Amino acid sequence: MVFQQWISTFPVRSVRYVFIIDETNMQRIAEIAEGCVREAADDYVGLWQIATRVRREFEPSTNLQVKRLSLDVVRLIVRRGLCPGDYGKTGFSFWDLDNLGRIIARIDGEWNPMHGDPTLVNPICWFAPRPA
C-alpha cells in the first residue's frame, strides 16, 4: 500500500528531528486542527486542550510523542490564522512572534515532556484569531 507522506521538522534542544506521518495520521491531525479553529471562533484554545485531543485520538505511548503530534497541530492552526498568547486576569495578550518557526521553538522550549503535558494551570499558551 502506498502512502503519501508528510514531513514534519522541528527543533528539539538544538537538534533537528524529522518525522514522517502517513496520510491517515495527517488527516487525523488536520481534523484536530480544524476543531481548534472552529472552537477559537467562540473561545480561546489552550495548548493543554490540543495535547488532550492528541492523547485521546492517537493514544501515544510517550509524552514526547504527544508533544510532537501537538506541535504538528499547532503548525496547522497557526497557518489557519490562530496566534498564540497568554491569557490571564487582564485578558488575552498575543505573543510578539510573527514567525511560525519561532512560535514552535518557544513552545518546544517551554514544554518538557518529562513533566507531562501542558495543563489548565500551566498551559504554556492559548490560541486565538488575531483581530484584523
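The values are calculated or read from the model by the stated rules, or taken from the named source; none is laboratory data. Owing to the predicted nature of the structure, the values given are computational and were not obtained by experimental measurement. Cβ placement follows ideal geometry from the backbone for every residue including glycine, while neighbour counts extend to all protein chains displayed.
If the condition is being surrounded by 19 or more Cβ atoms within 10 Å (Cβ to Cβ), touching a Pro at 6+ places or on another chain (Cβ under 9 Å), of a type outside the set (A, V, I, L, M, F, W, C) and in a helix (DSSP H, G or I), then segment 44-85 contributes Gln49, Lys67, Arg68, Ser70. Residues in segment 99-109 include at least one that is at pLDDT below 95 and either among the polar types (S, T, N, Q) or surrounded by 14 or more Cβ atoms within 10 Å (Cβ to Cβ) (or both). Scanning segment 108-132 for residues that are within 19 Å of Ala40 (Cα to Cα) and of a type in the set (A, V, I, L, M) yields Leu120, Ile124, Ala128, Ala132. Taken over segment 96-113, the criterion of being among the hydrophobic types (A, V, I, L, M, F, W, C) and touching a helix residue (DSSP H, G or I) at 6+ places or on another chain (Cβ under 7 Å) is satisfied by Leu97, Leu100, Ile103, Ile104, Ile107, Trp111.
Among the candidates Arg28, Arg75, Arg80, Arg53, the residue that is touching a residue at least 40 places away in the same chain (Cβ under 8 Å), touching a helix residue (DSSP H, G or I) at 6+ places or on another chain (Cβ under 9 Å), of a type in the set (Lys, Arg) and over 18 Å from Pro131 (Cα atoms) is uniquely Arg75.
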